[in-house]
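Structure first, commentary second.
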Amino acid sequence: MGWLHTAKFLTTAPQLHFLPALDVPEIAFVGRSNAGKSTCINTLTQQKQLAFASKKPGRTQHINLFSLGKQGVMDAVLTDLPGYGYAAVPKQDKIRWQQVMANYLVSRKNLMGIVLMCDPRHGMTELDEVLLEVIRPRVEEGLKFLIVLTKADKLTRTEAAKVLSITKLQAGGGEVKLFSATKRQGIEDVAQLLWQWAHPKAPSTEAAPPPADP
């Protein structure tokens, strides 16, 4: 948990070519506007204003990067991608954002994990399904993938269990977690998973002990 609390604003970019080339693992947060993405990032990092949570969804039009690392040494990056699908946003802007996001998800070399925010009361939308198709080839190559069902406090226990099982079927090999900033649900689970993604255990290189003498 403490690792995520080290998050600091790194840079913002309106287009891919403005992003710095990095060699540390990058984890991207994506999701439909108003799915609770900014709230989730702020809750995980314990910083109320790190990710911009607008009262008017769809306002965030830039890719925002946040550095992570203890003792001031950056060992990973969180990326906050623009929310998609909000009706009040002009169609031309929607198309542009979707192209930028698709290009990022397909071509960003150090991207090693994606966290998709989904409001469980509405389930996976058509745009969410499109995003899954875009990243499927990279997931098959080893890209980590997690669906976070935000605002889980709005569901009854029965509803939560049902939407969890349905989303696991839709996830296509990705993981699914229930999450509530209000009830502090799922925070440690998600934080632990992101830590594991960014710090994979190296395969053991220790030599096997010699056989004992008979």
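The values are calculated or read from the model by the stated rules, or taken from the named source; none is laboratory data. What you are looking at is a predicted structure, and each value in this text was computed from that prediction instead of being measured. Positions of Cβ are generated from backbone atoms using ideal geometry, with glycine treated the same way; all protein chains shown enter the neighbour counts. Surface accessibility is based on the protein's heavy atoms, side chains included, excluding ligands, DNA and RNA. Shrake-Rupley method; radii C 1.70, N 1.55, O 1.52, S 1.80 Å.
Cut-off 10 angstrom, C-alpha nodes, Gaussian network model of the chain. Which of Val77, Val100, Val148 fluctuates the most?
Comparing Val77, Val100, Val148 in a Gaussian network model of the chain, the most mobile one is Val100.
With semi-axes √(5λ) of the Cα gyration tensor in Å in mind, check (i) 30, 22, 18; (ii) 42, 27, 12; (iii) 37, 17, 16 and report the label derived from this structure.
Computed from these coordinates, semi-axes √(5λ) of the Cα gyration tensor in Å corresponds to label (i).
Given the DSSP H assignment, sum -39500 (n - 2.57) over each helix run of at least 4 residues in the chain and divide by its residue total; what's the result at 222 nm in deg cm²/dmol, nearest 500?
Helices in the chain give a 222 nm mean residue ellipticity of -10000 deg cm²/dmol.
Could you please report the charge total around Tyr104, scoring K, R as +1 and D, E as -1 over all other residues with beta-carbon less than 13 angstrom from its beta-carbon?
Every neighbour counted, the sum reads +2.
In nm, give the distance between the simple-model label positions of Lys154 and Ile166, each being 7 Å from the Cα along the Cα-to-Cβ direction.
Result: 1.4 nm between the two label points.
Roughly how many Å² is the accessible area per residue of the chain, as a whole number, for a 1.4 Å probe?
Accessible area per residue, the chain: 56 Å².
On full extension of the chain, what length is gained from Gln61 through Gln15, given 0.36 nm per residue of separation minus the C-alpha to C-alpha distance?
15.6 nm
Mind giving me the nanometre distance, one decimal, between the label points for Lys91 and Glu133, set 7 Å out from Cα along Cα→Cβ?
1.9
Go through Gln47, Thr167, Phe66 and say which Cα lies farthest out towards the positive end of the charge dipole of the chain; charges sit on Cβ, +1 for Lys and Arg, -1 for Asp and Glu.
Farthest along the dipole direction, towards plus: Gln47.
Might you report the magnitude of the Cβ-based charge dipole of the chain about its Cα centre, with Lys and Arg at +1 and Asp and Glu at -1, to the nearest 20 debye?
Using Cβ point charges on Lys, Arg, Asp and Glu, the chain gives about 1020 debye.
Do you know the relative contact order of the chain, to the nearest whole percent, from alpha carbon pairs under 8 angstrom that are 6+ apart?
Relative contact order of the chain: 22 percent.
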